[in-house]
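Here's the structure, in structure tokens; my notes come after.
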Amino acid sequence: MSRPEWLQNPWKQNPWFESVAVAQRRAQKRLPAPVYGALVAGSERGQTIADNQAAFARLGLLPHVAGHHADRTLTRTVLGHEVSLPVLISPTGVQAVHPDGEVAVARAANNRGTLMGLSNFASKSVEEVVEACPRTFFQMYWTGDRDVMVQRMQRAQKAGAVGLIATLDWSFSMGRDWGSPEIPEKVDLKTMVRMAPKVVTKPRWLYQFGRTGQVPDLTAPNLAAPGETTGPTFFGAYYEWMTTPPPSWDDVAWMRQTWGEISGTPFLLKGVARVDDAKRAVAAGVDAISVSNHGGNNLDGTPAAIRLLHPIAGAVGDQVEVLMDGGVRRGSDVVKALALGARAVLIGRAYLWGLAANGQAGVENVLDVLRGGIDSALLGLGLSSIDELTPETLLVPDDFHVS
Ligand SMILES: Cc1cc2nc3c(=O)[nH]c(=O)nc-3n(C[C@H](O)[C@H](O)[C@H](O)COP(=O)(O)O)c2cc1C
């Protein structure tokens, strides 16, 4: 039987990395400090972002010594699509990480048989991204008036998006105890000269952008007004968002219904942290929710997403698909989330580190690392499919679940 090339000797020094933590270290080395800092993100004192990962480490697994299964199944249907592993790409704006940005991520998602989530703040257009990964879900914040939102939904539908993600958990917190990275309004000559000391020490990053003849343009093409080719700057987009009155539950129901009329494809509400909100989401007609605290970037002090999952899955899991995101860095994290009731997980920083470390191949590498980790956990646990995961699979501390 022939082994894949990377398995000949996975520990040999090469562009392939063996864990998401290694990818993160490579990303830190390669990216200018402000770009790396923008991906680390977090808010206030950083409690939630730290807890998202730490909570996974509180859950245990008790392996069998024999009686394992030689074949193990990782496929599952999520939001009407069969995926080859229960890990989807969460939407993020990745402006300055890599010149191919979200298109590289989309190609990787497509090659590895999973779904792409594309942020409305992304650096690449929904048209280009759907071409790279036909199974793309377009994500929208509650920003602009209803007419503007309808136009954006129509554009996403016309481009071929197969679903909508509404992300509503954002409270515009501004301060971080460790200081926020500088993000320029636009990258013009003056900015390049001023920021040069932070980027000249990152030759690989400079070379990648230099080769394409582009500088990171920090605009949001998916928020362009009809008939315009360029979108607003990141700050222009943020200003529109900040000045839009926050949505009510009627607005959520409107958004769901409008997307249904425009596209007829699934609608996912991302950012649910409470059982009562999960029930309201069901009443608003959503098809799916993601239990999430925006990767620790929203309200600091929100418990780790994995601690919120089980009570929410218990309350609404028979009515809508329950996904989760936040803190997933390894295959065993995915196994733990599925055991606590998630149909699948979404990943954010994990693939951003892969993208920074090695472009499209780095994102594929991250998905392969997670696939290998899920498979290895199933093997150790003596299971033959992700469908066999239940809460009893895990060792769960008494005070773990919060609702
Ligand atoms: C740099 C960055 C940008 C993000 N941008 C968005 C976004 O535009 N829309 C969105 O719904 N979520 C956004 N998120 C949140 C992710 O979709 C996801 O909820 C989070 O990253 C999950 O946590 P993890 O990074 O620990 O996997 C962003 C997260 C990061 C780190």
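The values are calculated or read from the model by the stated rules, or taken from the named source; none is laboratory data. Only a predicted model underlies this, so the values are computations on that prediction, with no experimental measurement involved. All Cβ positions, even for glycine, are placed from backbone atoms using ideal geometry, and neighbour counts span all protein chains on display.
Can we say Ser290 is near the ligand (Cβ under 10 Å from one of its atoms), within 16 Å of Leu164 (Cβ to Cβ) and out of contact with any Phe, Trp or Tyr (no Cβ under 7 Å at 6 or more places or on another chain)? For Ser290, the condition - near the ligand (Cβ under 10 Å from one of its atoms), within 16 Å of Leu164 (Cβ to Cβ) and out of contact with any Phe, Trp or Tyr (no Cβ under 7 Å at 6 or more places or on another chain) - is met. Taking each residue of segment 49-75 that is aliphatic (A, V, I, L, M) and looking for partners that are not in a loop (DSSP other than H, G, I, E, B) with beta-carbon atoms closer than 6 Å, six or more apart or interchain, yields Ile49/Gly296; Ala55/Ile306; Ala55/Arg307; Leu59/Lys336; Leu59/Leu394; Leu74/Ile374; Leu74/Ile386.
A search for C-beta distances below 6 Å between a residue of segment 120-135 that is under 8 Å from Gly160 (Cβ atoms) and any residue that is away from the ligand (no atom under 16 Å from the Cβ) and not aliphatic (A, V, I, L, M), counting only pairs 6+ apart in sequence or on different chains, returns Val130/Gly160.
For the condition crowded, with 24+ Cβ neighbours inside 10 Å and part of a loop (DSSP other than H, G, I, E, B), Ala122 qualifies.
Run down Gly380, Gly327 and say which single residue is more than 27 Å from Val402 (Cβ to Cβ) and at pLDDT 95 or above.
Gly380
Within segment 111-142, being β-branched (Val, Ile, Thr) and touching a Lys or Arg at 6+ places or on another chain (Cβ under 9 Å) holds for Thr114, Val126.
Restricting segment 101-119 to residues that are β-branched (Val, Ile, Thr) and in a helix (DSSP H, G or I) leaves a set whose member that is nearest to the ligand (Cβ to nearest atom) is Val105.
Here the condition is being in contact (Cβ under 8 Å) with a residue 12 or more places away in the chain, among the small types (Gly, Ala, Ser), out of contact with any Cys (no Cβ under 7 Å at 6 or more places or on another chain) and within 14 Å of the ligand (Cβ to nearest atom); of Ala313, Ala278, Ala305, Ala284, it holds for Ala305 alone. The one condition from (1) modelled with pLDDT of 95 or more; (2) in contact with a helix residue (DSSP H, G or I) (Cβ under 8 Å, 6 or more places away or on another chain) that Gln139 does not meet is (2).
Being over 17 Å from the mean Cα position of the chain (by Cα) and either farther than 15 Å from Gly60 by Cα or not acidic (Asp, Glu) (or both) is a description that applies to Asp318. Cβ-Cβ contacts under 7 Å between residues 6 or more apart (or on different chains), taken from a first residue in segment 331-353 that is of a type in the set (Asp, Glu) to a second residue that is away from the ligand (no atom under 13 Å from the Cβ), are absent.
Scan segment 24-40 and tell me whether some residue there is among the aliphatic types (A, V, I, L, M), buried (at least 21 other Cβ atoms within 10 Å of the Cβ), at pLDDT 95 or above and near the ligand (Cβ under 10 Å from one of its atoms). No, segment 24-40 has no match at all. Applying the condition of being within 22 Å of the chain's Cα centre (by Cα) and polar (S, T, N, Q) to segment 42-85 and asking which residue is nearest to the ligand (Cβ to nearest atom) yields Asn52. Within segment 225-271, the residues that satisfy the criterion of being at pLDDT 95 or above, within 16 Å of the ligand (Cβ to nearest atom) and part of a loop (DSSP other than H, G, I, E, B) are Thr244, Pro246, Pro247, Pro266.
Give segment 125-170 a look and list any residue that's of a type in the set (Gly, Ala, Ser) and either in a strand (DSSP E or B) or within 16 Å of the ligand (Cβ to nearest atom) (or both), or say none.
Matches in segment 125-170: Ser125, Gly144, Ala156, Ala161, Gly163, Ala166.
State all residues of segment 61-78 that are in contact with a strand residue (DSSP E or B) (Cβ under 7 Å, 6 or more places away or on another chain) and either exposed (fewer than 15 other Cβ atoms within 10 Å of the Cβ) or not in a loop (DSSP other than H, G, I, E, B) (or both); if no residue qualifies, say none. Passing the criteria: Leu61, Leu62, Thr73, Thr75, Arg76, Val78.
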